[in-house]
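Novice: Can you read through this structure? Questions will come right after.
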Amino acid sequence: MKILNYTLASLLAVSLLSCKKDGKMSETGKDSVIAKKDSAVIPEIYKEYYGIYTGDFAGMEKIIDETDGSEYEGSINKRISLKINRITKDSVYGQSIVNGNQRPFRGIFNESTKSFVLDEPGNDKTDGRFEVKLSGDSITGKWNAFNKTAVKSPLKTIKLSKKDFVYNPNFMLDKDSDLVDWSNPKDFVEKYTDEETGKTESYTTSKNRVASEAIFNLNASKQKLSEKDLKNLRKIDLEIIKNSVFARHGYSFKKETYRYFFEQTDWYIPVSNNVDKELSPMEKENVALLNRFIKYAEDKYDSFGR
Amino acid sequence: MFAIKKNIPLLLKILLIFGFEYFFWLMLKITLEYIPFNPDVSFLMIKQTEVQDRPEYLSFFYTHVYTSIFVLLSGFLAILRKNFGIKNFHRNIGKVYIFLILILAAPSGIYMGFFANGGFLSKISFIILGSLWWFTTYKAYQLARQKRFKEHKQWMWRSFALTLSALTLRIWKVIIVYLFHPNPMDVYQIIAWLGWIPNILLIEYLIAKKHI
């Protein structure tokens with residue numbers, strides 16, 4: 001009787017364990033829809049590590065001072081995402097994406113130290129090797145460019161945390177975001193009159209574009225926009241409203257302006273350099289409308305014409 | 001010194017003629033943007049609501065665009081009051097100007113005024129402008145038929161001042177955008193009025209001072 005009890009108990013335990021495992025399996029199964037994994041027959045292990053890890057990609061690079069032309073080492077920080085798509089016994093597959101540059105990688109996973117060595121293909125000058133370590137939900141480590149002379153900053157440190165990418169049409173820029181587009185300064189000449197001598201001098205200075213509050217109110221993923229909604233907006237507003245759609249779908253921007261705006265939010269996770277297929281029909285219509293208005297603003301805003 | 005003073009009106013005249021020619025050239029380039037026929041180019045890029053909801057909008061729009069360039073040209077040639085060696089040139093080119101405005105350019109302009117960008121303030125301005133344009137031209141025509149040529153000349157100047165609002169409005173736009181960078185529809189509301197009111201005031205002043 002006692003033996004029977006033991007066997008029952010152990011059977012129960014086994015079934016409970018397998019239940020738990022099943023639960024996990026279906027969970028990672030959901031993840032892999034985003035990860036776009038191909039269905040191979042090679043057994044996959046460590047599915048729990050699959051997913052998107054997003055965070056800082058920091059290094060030092062030479063910066064030339066605009067005022068006196070001197071060079072100095074400055075720190076730069078980009079947002080990078082690593083997608084771990086598949087881990088098998090001898091290989092790891094995934095992608096890295098930074099500033100709109102999406103690169104596949106392949107490498108190995110060391111079980112005992114929980115560390116990855118991941119290589120990008122090497123046929124792009126920005127390719128390199130990731131040597132990173134997993135602990136909990138975060139990945140830390142470094143990246144080395146294969147070609148040290150081809151990139152500005154050949155050694156970078158990596159600090160990422162696991163994030164679930166979800167598309168949500170409600171995501172908007174935070175109301176306390178910085179509205180200045182720092183990356184497109186426009187030079188113009190300003191005059192200055194010295195009050196004492198009465199002499200007028202002119203000097204060149206630069207101005208940055210500033211977005212308006214409209215970017216917090218118009219959501220091109222949720223409402224069908226009309227021409228009336230957009231007519232009184234400046235080009236920068238139109239561009240931000242349009243690119244909010246792409247940001248929600250995880251588009252990794254090549255232009256610094258948009259990276260700067262969307263990296264201020266906590267929901268923006270760059271996961272792809274092409275999200276065109278993900279757009280809803282309404283988003284597509286709105287983007288077409290916004291493109292027309294952006295073109296009009298570009299061609300006509302300050303020119304002789306209407 | 002005396003010679004310079006005497007020649008000031010002539011110099012001013014030459015300057016105005018060259019100025020007109022330059023801006024006429026710009027207007028011609030804008031007009032050519034609508035050739036070949038393309039319903040979502042240039043200004044129409046932000047007018048698709050009207051283009052899609054109102055089947056007649058494009059007809060009125062193109063009527064206005066295509067005739068107005070000839071209105072500008074014929075008006076300019078007629079206001080010079082020279083026959084250039086061609087018999088009845090002033091009379092005939094004046095008739096072209098008058099009938100293009102009365103039948104085509106002004107009515108289509110008034111229609112477009114109802115759908116002008118910039119809301120109520122712009123709409124009311126363009127509707128008044130179009131109506132005054134038609135009326136001054138019609139009045140000038142009547143006076144010519146009655147052979148009251150002095151008054152004919154004065155009303156023609158009023159009409160042409162309004163015709164020239166096509167140029168002055170766009171010049172003001174460039175100046176205002178350069179200086180203040182307002183939002184696009186705010187510019188529209190300002191230039192809708194600034195385009196023609198100073199023009200007509202200047203002509204009224206010149207008529208009152210008996211220069212015309």
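The values are calculated or read from the model by the stated rules, or taken from the named source; none is laboratory data. Please read these numbers as outputs of a predicted model, since none were measured by experiment. Note that each Cβ is placed from the backbone with ideal geometry, even for glycine, and that neighbours are counted across all protein chains shown.
Novice: Test of understanding: among A:238, A:173, A:179, A:160, which residue is surrounded by 14 or more Cβ atoms within 10 Å (Cβ to Cβ), in contact (Cβ under 8 Å) with a residue 12 or more places away in the chain and within 14 Å of chain B (Cβ to nearest Cβ)?
Specialist: So the residue among A:238, A:173, A:179, A:160 that is surrounded by 14 or more Cβ atoms within 10 Å (Cβ to Cβ), in contact (Cβ under 8 Å) with a residue 12 or more places away in the chain and within 14 Å of chain B (Cβ to nearest Cβ) is A:238.
Novice: Taking the stretch A:54-98 as the search range and keeping residues that are of a type in the set (Gly, Ala, Ser) and over 23 Å from the mean Cα position of the chain (by Cα), which one is nearest to residue A:185 (Cα to Cα)?
Specialist: A:69
Novice: Here is a list of conditions, (1) surrounded by fewer than 21 Cβ atoms within 10 Å (Cβ to Cβ); (2) closer than 26 Å to residue A:262 by Cβ, and residue A:130 meets all of them except one; can you say which number that is?
Specialist: With (1) surrounded by fewer than 21 Cβ atoms within 10 Å (Cβ to Cβ); (2) closer than 26 Å to residue A:262 by Cβ applied to residue A:130, the lone miss is (1).
Novice: With the requirement that a residue be in contact with a helix residue (DSSP H, G or I) (Cβ under 6 Å, 6 or more places away or on another chain) and not in a helix (DSSP H, G or I), what does the stretch A:225-257 give you?
Specialist: Within the stretch A:225-257, A:225, A:231, A:232, A:233, A:249, A:253 meet the criteria.
Novice: Here is a further query. Counting only residues that are closer than 25 Å to residue A:258 by Cα and touching a strand residue (DSSP E or B) at 6+ places or on another chain (Cβ under 6 Å), how many does the stretch A:74-93 have?
Specialist: 9
Novice: Is at least one residue of the stretch B:48-58 hydrophobic (A, V, I, L, M, F, W, C) and more than 21 Å from residue B:164 (Cβ to Cβ)?
Specialist: Yes, that holds for at least one residue.
Novice: Considering only the stretch B:23-53, state which residues are outside any helix (DSSP H, G or I), at the interface with chain A (Cβ under 9 Å from one of its Cβ atoms) and buried (at least 16 other Cβ atoms within 10 Å of the Cβ).
Specialist: Selection gives B:47 alone.
Novice: Report every pair of residues separated by at least 6 positions or lying on different chains whose Cβ atoms are under 6 Å apart, first residue within the stretch A:242-255 and within 17 Å of residue A:81 (Cβ to Cβ), second part of a strand (DSSP E or B).
Specialist: Every condition considered, the pairs that remain are A:250/A:272; A:252/A:97.
Novice: In addition: Restricting the first residue to the stretch A:284-306 and requiring it to be more than 10 Å from chain B (Cβ to nearest Cβ) and among the hydroxyl-bearing types (Ser, Thr, Tyr), which pairs with a second residue that is crowded, with 16+ Cβ neighbours inside 10 Å and assigned to a loop (DSSP other than H, G, I, E, B) meet a Cβ separation below 9 Å and a spacing of at least six or different chains?
Specialist: none
Novice: Right, another one. For the stretch B:115-164, enumerate the residues that are in a helix (DSSP H, G or I) and in contact with a Lys or Arg (Cβ under 7 Å, 6 or more places away or on another chain).
Specialist: B:136, B:155
This table checks each residue for (1) part of a loop (DSSP other than H, G, I, E, B); (2) modelled with pLDDT of 70 or more; (3) surrounded by fewer than 18 Cβ atoms within 10 Å (Cβ to Cβ); (4) at positive phi.
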position: A:20; (1), (2), (3), (4): no, no, yes, no
position: A:23; (1), (2), (3), (4): no, no, yes, no
position: A:57; (1), (2), (3), (4): no, yes, no, no
position: A:60; (1), (2), (3), (4): no, yes, yes, no
position: A:67; (1), (2), (3), (4): yes, yes, yes, no
position: A:81; (1), (2), (3), (4): no, yes, no, no
position: A:87; (1), (2), (3), (4): no, yes, no, no
position: A:90; (1), (2), (3), (4): yes, yes, yes, no
position: A:95; (1), (2), (3), (4): no, yes, no, no
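Novice: To continue, here is another question. Going through the stretch B:115-141 one residue at a time, which ones are in contact (Cβ under 8 Å) with a residue 12 or more places away in the chain, out of contact with any helix residue (DSSP H, G or I) (no Cβ under 6 Å at 6 or more places or on another chain) and farther than 21 Å from residue B:200 by Cα?
Specialist: B:119 - this is the single residue of the stretch B:115-141 that is in contact (Cβ under 8 Å) with a residue 12 or more places away in the chain, out of contact with any helix residue (DSSP H, G or I) (no Cβ under 6 Å at 6 or more places or on another chain) and farther than 21 Å from residue B:200 by Cα.
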